[in-house]
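Data block below; observations after.
Where a number appears in this text, it was derived from the coordinates with a stated rule and is not lab data. This structure is a prediction, so every number in the text was calculated from the model and none was measured. Methodologically, a virtual Cβ is constructed for each residue, glycine included, from the backbone with ideal geometry; neighbour enumeration extends over all protein chains shown.
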Amino acid sequence: MAFEKHLLVDVANVAHAWPELRTLLKRDRDAARSQLVTRLGSIHDVEFVRVTAVIDGRGREIVVEHPSGQATLTVIYTPSSLTADDVIEQMVGRSADPSLCEVATDDQAERATIEATGAVWVPTAELWARVERAEQRLASKVSGLNRINAQEWRRRNA
């Protein structure tokens, strides 16, 4: 399956914009980040979009993780010498087709920069709505599969 579009997410910006994550950030920054990445996974799975969550400064080198084991769902920790904005701008700039890149942030300077390259800006409120829709679609799909499995089990055990 081809993942043509690429959603890049400025994790700190989104986490501070979403009320539930902003509250969690105060208690446990890593838990807030993890919850956001988990929720972004629903967009990855439903929309078949490559998702990269970019997190500011973690040591001297860039760290790349694939929390679900899939190469198309990535978490990048920038080196302390670069911001998430820097890395997102570089990734969009190096993209073969920046118009296939979407960047989720409410940072207006970042918005101007990525739109100048041809990428699409996604406001954090729109990202929230997308995540909600994707999670609902996944829940509906799971419910349907559970119904089918239950019917099959009853048929076999009748």
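For the stretch 6-156, calculate the relative contact order in percent as a whole number, restricting contacts to Cα pairs under 8 Å that are 6 or more residues apart.
RCO, the stretch 6-156: 24 percent.
Given Cβ point charges of +1 (Lys, Arg) and -1 (Asp, Glu) and nothing else, what value in debye, to the nearest 20, does the dipole of the chain about its Cα centre take? Numbers along the way, then the final one.
On the way: 20 positive and 23 negative charges, 212 e Å.
It works out to roughly 1020 debye.
Quick one: length gained pulling T38 to H16 fully straight, 0.36 nm per residue minus the C-alpha distance?
6.3 nm
Given R₀ = 22 Å, what would the calculated FRET efficiency be for D86 paired with E135, taking r from the Cβ atoms and rounding to 0.05? Provide the component values of the computation, followed by the final result.
On the way: r = 31 Å, r/R0 = 1.39.
Efficiency computed from Cβ-Cβ geometry: 0.10.
Answer rounded, prolate or oblate for the stretch 30-84, using the Cα gyration tensor with square roots of eigenvalues a ≥ b ≥ c: rounded when a/c is under 1.5, else prolate when a/b is larger than b/c, else oblate. Could you put the intermediate results ahead of the total?
Values: a/c = 2.44, a/b = 1.87, b/c = 1.30.
The shape class here is prolate.
Suppose the chain between I148 and K5 were pulled fully straight at 0.36 nm per residue; how much longer would it get relative to their current alpha carbon spacing? Mind dumping the intermediate values first?
Values: separation 143, 0.36 × 143 = 51.48 nm, distance 3.19 nm.
Stretched out fully, the I148 to K5 stretch lengthens by 48.3 nm.
Which label marks the calculated value of Cα Rg over 2.2 N^0.38 Å, given the options (1) 1.17; (2) 1.64; (3) 1.75?
Only one option fits the structure, namely (1).
Once every DSSP H run of n ≥ 4 in the chain is given -39500 (n - 2.57) and the sum is divided by its residues, what mean residue ellipticity at 222 nm do you get, rounded to the nearest 500 deg cm²/dmol?
Calculated mean residue ellipticity at 222 nm is -18000 deg cm²/dmol.
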